[in-house]
1. Against the conditions (1) within 17 Å of residue 39 (Cβ to Cβ); (2) in a helix (DSSP H, G or I); (3) in contact (Cβ under 8 Å) with a residue 40 or more places away in the chain, where does residue 121 fall short? Just the number, please.
2. Can you tell me which condition residue 147 does not meet? The list is (1) at pLDDT 95 or above; (2) touching a helix residue (DSSP H, G or I) at 6+ places or on another chain (Cβ under 7 Å); (3) more than 15 Å from residue 29 (Cβ to Cβ); (4) within 15 Å of the ligand (Cβ to nearest atom), and all the others hold.
3. Out of the residues in segment 71-92 that are part of a loop (DSSP other than H, G, I, E, B) and either free of Cβ contacts under 8 Å to residues at least 40 places away in the same chain or in contact with a helix residue (DSSP H, G or I) (Cβ under 7 Å, 6 or more places away or on another chain) (or both), which is farthest from residue 149 (Cα to Cα)?
4. Looking at (1) within 12 Å of the ligand (Cβ to nearest atom); (2) touching a residue at least 60 places away in the same chain (Cβ under 8 Å); (3) touching a strand residue (DSSP E or B) at 6+ places or on another chain (Cβ under 6 Å), which is the only condition residue 46 fails?
5. Which residues, taken from segment 45-70, are surrounded by fewer than 20 Cβ atoms within 10 Å (Cβ to Cβ) and either at positive phi or not in a helix (DSSP H, G or I) (or both)?
6. Could you grab me the full set of residues in segment 106-121 that are more than 15 Å from the chain's Cα centre (by Cα) and within 14 Å of the ligand (Cβ to nearest atom)?
7. Just the residues that are under 18 Å from residue 74 (Cα atoms) and in a helix (DSSP H, G or I), please, taken from segment 103-118.
8. Taking the conditions exactly as written (in contact with a helix residue (DSSP H, G or I) (Cβ under 6 Å, 6 or more places away or on another chain), within 12 Å of the ligand (Cβ to nearest atom) and part of a helix (DSSP H, G or I)), does residue 100 satisfy them or not?
Ligand code: S3P
């Protein structure tokens with residue numbers, strides 16, 4: 001965590017990868033952006049990284065090659081990103097493959113950002129970028145299927161409903177501190 005006038009967390013660094021997991025619209029990328037901007041953490045958005053490496057958007061990959069092909073790429077890049085201590089904002093379906101859950105357990109610490117389908121729908125500005133968020137009814141069903149998977153993969157959980165980003169980020173910092181995931185770097 002280097003940089004100008006950041007919070008005093010800037011004297012600390014992560015000892016291993018920390019994964020933000022949760023349903024589409026849980027705020028993983030927004031939390032990641034704030035943790036990077038305000039506290040100077042290295043943060044990588046796994047979906048954006050995959051899109052850059054593949055030179056195609058997620059919607060394109062789903063449309064051209066199907067979900068299974070996307071999932072294989074997701075695992076490949078999850079493991080690649082896990083080789084450095086950093087915050088990794090994962091895609092909402094990362095917990096679908098047990099292999100990904102094992103990667104997260106093996107390398108780091110997973111924080112589950114909890115949201116409901118209704119709250120998520122209100123937050124997602126462009127549903128066209130989410131091939132699996134078709135409508136509210138199917139999102140409600142999907143989230144029910146996913147909740148046990150998030151709980152299985154998570155080392156900790158934060159509720160995001162009706163809560164400001166700043167408070168959610170403070171909860172993340174608290175989890176990092178209390179789980180001894182930060183060390184002094186000077
Ligand atoms: C998916 C979530 C998306 C993206 C892909 C599949 C899912 O990520 O990885 O569209 O299966 O829930 P976000 O959670 O960042 O929207």
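1. The one condition residue 121 does not meet is (1).
2. Unmet condition: (2).
3. 83
4. Just one mismatch for residue 46, condition (2).
5. Selection gives 55, 56, 57, 66.
6. Matches in segment 106-121: 117, 119, 121.
7. Result: 103, 104, 105, 106, 107.
8. Taking the combined requirement at face value, the residue satisfies it.
The values are calculated or read from the model by the stated rules, or taken from the named source; none is laboratory data. All figures in this text were calculated on a predicted structure; none of them were measured in a lab. A quick note on method: Cβ atoms are made from the backbone with ideal geometry, for glycine too, and the neighbour counts reach across all protein chains shown.
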